[in-house]
1. With 27 Å as the limit, write out which pairs from LYS143/LYS189; LYS143/LYS239; LYS109/LYS143; LYS189/LYS334; LYS108/LYS189; LYS143/LYS208 have Cα-Cα distances beyond it, or answer none.
2. For segment 123-202 and segment 359-394, write down the distance between their C-alpha centroids in whole Å.
3. Of LEU182, TYR306, ALA119, which is farthest towards the positive pole of segment 44-310's charge dipole, taken about the Cα centre with +1 and -1 on the beta-carbons of Lys, Arg and Asp, Glu respectively?
4. Looking at segment 122-223, which trypsin sites (Lys or Arg not before Pro) are DSSP coil and have at most 15 other C-beta atoms within 10 Å of their C-beta?
5. Would you calculate the separation in nanometres between label points at SER149 and ALA375, each defined as 7 Å from the Cα along the Cα-to-beta-carbon direction?
6. Residue-wise, which Karplus ³J(HN,Hα) couplings in Hz belong to segment 79-94, taking 6.51 cos²θ - 1.76 cosθ + 1.60, θ = phi - 60°, and x for glycine or proline?
7. In nm, what is the difference between 0.36 nm times the number of residues separating GLU345 and GLU408 and their Cα-Cα distance?
8. Check which residues have an amide H placed less than 5 Å from ASN100's amide H, if you skip close sequence neighbours.
Amino acid sequence: MALLHLSLHPPSPLSFHWTGTIPSLLSSRRSSTQLRHRITFTAAASTSASASLLPSDSAIRDFWRWLRERGALPQPSPPVRPAFVPEGLGLVAERDMLRNELLMEIPKKLWINADTVAASAIGPVTLGLIPWVSIALFILREKAMGTASSWRPYLDILPQETDSPIFWSEEELSQIRGTQLLNTTIGVKEYVQSEFNKVEDEVILPNKHLFPKTITAADFLWAFGVLRSRAFSRLRGDKIALIPFADLINHSSTITSEDICWEIKGKGVFSRELMFSLRTPAYVKAGEQVYIQYDLEKSNTELVDYGFIDRRQRREVYTMTLEISESDPFYGDKLDIAESSGLGEIAYFDIVLDEPLPPLMLPYLRLVAIGGTDAFLLEAIFRNSVWGHLELPVSRANEERICRVVREACNSALSGHHTTIEEVLHLPIYCLHFTMNS
C-alpha cells in the first residue's frame, strides 16, 4: 500500500515562509503571566530588544555623529531622530510632518549587503555563500574588530537579542509545546545551526587570519536574528540588506496605507549613486513616533521575525505539510505528476478558518494517497489528464484513507498541548485574540 506522509507544521526554514496558530500559544494557565511578559501584544511594535538590552545614550550620540559625517542626514535639520520609545528604539519626529514627506535618504555606501561583503577583506572567501550567511559573517567580524571597524557606531546600537522565540530559554519554549510556533522555532534554529556548521568548516576555520576571534553558533544565531528583524520586506533573499538609521523605524498596524513608503532610487538625474528613500506614510506631530506598516499580511510571521504579535492580524491559519514518501512504490510517477502541476515532493498548504481549502490541496492529497487498484491512474497513458481526475474523488477507499490520516495527524498535533480545547478558550491570550477579532 502506498504511504501517505502528512504532518501539521510550518514549511522548512529554507523557504522563509511560516504561519502559526496563536490562540493556542500558551500551554498552561499557571504559566500565562510569565509568557505574556515575554511576548509583546501591541498595535505598535518594535524590531528592538527589551529596555534592559537597549544601547547607551553615548552609543546613540556616536551613531548620530557617524551618520552626519557620512552625509546620511538631511540638511539643515533632520526631520527625525533616534529616541527611546515604549517599543525600545524608534524614530521620533522633530516637527509636524505631512503624509509622504521625506524622512531620510541613505546612500548605498552605508548599506550592508552582499556587495558590501564582496568589497571587504572577507569577500574572496565568501563567494558562493547564501547572501544572509555572508552578511552575518561580515557583521560578526566587524563587531569583533571593535574600534578598528568603521561600522562600529552602527553595530553598537544593534540589540543583543530580540523577543523572537529563537532567543527564548528552554523553559519558555516548553510553554508552547504542541504549537506550530514551537515547530517553526526549532526548524529555524536547526537551519541556522546547519548553515553555521558548514560555514565554520568551509570558511571560518580555514581562514583564521580573517577571523581571529572565535565565532560561536550563538553569535551566528544573533546575526541571523538581526537580519530577520531589521531587513525590509522587499529587501530579502538575494537582495537582503541592512539599512542603518532607516531600520530603526517601528511597525504599527494603525498605518493602513497600502502604498510603499520607501523606495530605492538614483540620487539625481545625472548620478548613478543609489539611495534608500523613506517617507512618512501618514501625518505625524512633532514629538510623536513615526511608524510604518511591516507588510505582515503576506507573511504572518512577526513573532519569529520581530519578536512581537500584531493583535490585529488574523491567527486562524494552520499549515498542512504533505509529502510523497521515497518509500512509496509509485514515488517516481507521483513526483512526475506533482511537478507537472508546479508542486514537488513536499507541498505546503495554508488552511484558513472560514475560507475554502487551497485549490491544489485535495488533488495533491489524492495523488499521495493513491495505491492498490487506483494505481492505474499513474500509468503514462493518463499522464496528461490525471490531474483533472484528481480534482474529483478517485475512489471511496482513497477518500476514506485521506480522511483517516488527516484526523490522525490532527489528533497527534493536538496531543502535544498541555490543555484541552475548553481550557484554551479561557486563557488570557485567547480572550485577547477573540476580543480583537470581534
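Read-outs: derived from the displayed coordinates by stated rules, not from any lab. The structure displayed is predicted, hence computed values, not measured ones. Cβ sites come from the backbone with ideal geometry, for glycine too, and all protein chains shown count toward neighbours.
1. LYS189/LYS334; LYS108/LYS189
2. 43 Å
3. Ranked along the dipole, the leading option is ALA119.
4. Here the trypsin sites (Lys or Arg not before Pro) that fit, given the DSSP loop and packing criteria, are ARG177, LYS208, LYS213.
5. In this crude label model, SER149 to ALA375 measures out at 5.8 nm.
6. x, 9, 9, x, 8, 7, 10, x, 7, x, 9, x, 10, 10, 6, 8
7. On the way: separation 63, 0.36 × 63 = 22.68 nm, distance 2.13 nm.
That pair, GLU345 and GLU408, stretches by 20.6 nm at full extension.
8. HN-HN under 5 Å from ASN100: THR280, ALA282.
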